[in-house]
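The values are calculated or read from the model by the stated rules, or taken from the named source; none is laboratory data. These numbers were taken from a predicted model, which means no experiment stands behind them. No Cβ is skipped: glycine too gets one built from the backbone with ideal geometry, and neighbour counts run over all protein chains shown.
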Amino acid sequence: MAYKTIQTKTEGRVGVITLDRPKALNALCDELTGELADALAEFEANEDIGCVVLTGSTKAFAAGADIKELQEKDFVSLYLNDPFAKTWESVARFRKPIIAAVSGYALGGGCEIAMMCDFIIAAENAKFGQPEINLGVMPGAGGTQRLPRAVGKSKAMDMCLTGRMMNAEEAERAGLVSRLVPVDDLMDVAMEAAEAIASKSLPIAMMTKESINRAFEIGLSEGIRFERRVFHSQFATEDQSEGMAAFADKRAAHFKHR
Ligand code: CO8
């Protein structure tokens, strides 16, 4: 499908979505969020895709929701028809692994979308922030919930209440990002990670993601019980047989994603 505000491509079993509104620092307007949801649906439906990389430009992953559009909203219109809800759901509930490759600004909804991904690989120039308080609102796409889970209460309060940005080093120290890389290496490193994930069994990778995400929803003993059930069920897959046989035969596994 041809998009206007994003670009998509596939490389092997990896799908890449690049946010592409350079003049507005990839601000998340209605059109872009709609296209992002459509692109994710396409990759979700495509069995040949095993992992997705979501990225922006060198200067901005995304500088937040489009403030010029947000300015026009009122309570009732947002309440009746939140234009972003479909997109947030489509990223947060995306079932395959998805990596955010962040360079430059990841602010407001941009930071929130990055946090909806499974992990964040950041370039050294990355800047994360929830500056909504400067606009007279608070984060509205999971920032007050996912940020404290990622960096703890103190830093989350600091960022959301002062609106200050966190640089890439601080973000890595705080656990918001999994890897910090030079700007020029960002896509190579992200693609390498995505290719590694996509080479594993897709159903097993999806179950792994589902199980880790459960840790943020339920208590420990229920989570362990969930993990054990899913682990047991994996012995019904062809890929479990292949993975263990390949180890015993001292050869590489050839997963069929079945
Ligand atoms: N929305 C719209 N346009 C933007 C945005 C934005 N978020 N960010 C940047 N732009 C535009 C600028 O207006 C400017 O356009 P123009 O050239 O036409 O004036 C262009 O992008 C370049 O921006 P700057 O000139 O400002 O570039 P600088 O390098 O000087 O500054 C900054 C970069 C620091 C990133 C600055 O642009 C900035 O502070 N942007 C706003 C950041 C922000 O406040 N983000 C939070 C937005 S609110 C939000 O995300 C809420 C999400 C929850 C939604 C849930 C809804 C239900």
Which residues, counting only those in the range 45-66, are surrounded by fewer than 17 Cβ atoms within 10 Å (Cβ to Cβ) and in contact with a Phe, Trp or Tyr (Cβ under 9 Å, 6 or more places away or on another chain)?
K59
Among A198, A194, which is closer than 16 Å to D118 by Cβ, in contact with a Lys or Arg (Cβ under 6 Å, 6 or more places away or on another chain) and surrounded by 16 or more Cβ atoms within 10 Å (Cβ to Cβ)?
A198
Criterion: modelled with pLDDT of 95 or more, more than 26 Å from the chain's Cα centre (by Cα) and either part of a helix (DSSP H, G or I) or farther than 23 Å from A63 by Cα (or both) - qualifying residue of K209, K250, K200:
K250
Taking L70 as the residue in question, decide whether it is more than 29 Å from A168 (Cα to Cα), surrounded by 13 or more Cβ atoms within 10 Å (Cβ to Cβ) and within 16 Å of the ligand (Cβ to nearest atom).
no
Quick one: would you say N134 is out of contact with any strand residue (DSSP E or B) (no Cβ under 7 Å at 6 or more places or on another chain), assigned by the TED database to the domain that holds S90 and buried (at least 16 other Cβ atoms within 10 Å of the Cβ)?
no
Look at the range 82-122 and say how many of its residues are of a type in the set (D, E, K, R), more than 15 Å from the ligand (Cβ to nearest atom) and either in contact (Cβ under 8 Å) with a residue 24 or more places away in the chain or over 14 Å from L40 (Cα atoms) (or both).
3
Among the residues of the range 123-157, count how many are of a type in the set (A, V, I, L, M), within 11 Å of the ligand (Cβ to nearest atom) and either within 24 Å of A190 (Cβ to Cβ) or at pLDDT below 95 (or both).
1
Do you know which residues across the range 153-166 are surrounded by fewer than 20 Cβ atoms within 10 Å (Cβ to Cβ) and either assigned to a helix (DSSP H, G or I) or touching a Ser or Thr at 6+ places or on another chain (Cβ under 7 Å) (or both)?
K153, S154, K155, M157, D158, L161, T162
Among G56, G64, G50, the single one that is within 16 Å of the ligand (Cβ to nearest atom), in contact with a Pro (Cβ under 8 Å, 6 or more places away or on another chain), at pLDDT 95 or above and of a type outside the set (V, I, T) is G64
Which number in (1) part of a helix (DSSP H, G or I); (2) in contact with a Cys (Cβ under 9 Å, 6 or more places away or on another chain); (3) within 16 Å of the ligand (Cβ to nearest atom) marks the one condition that A194 misses?
(3)
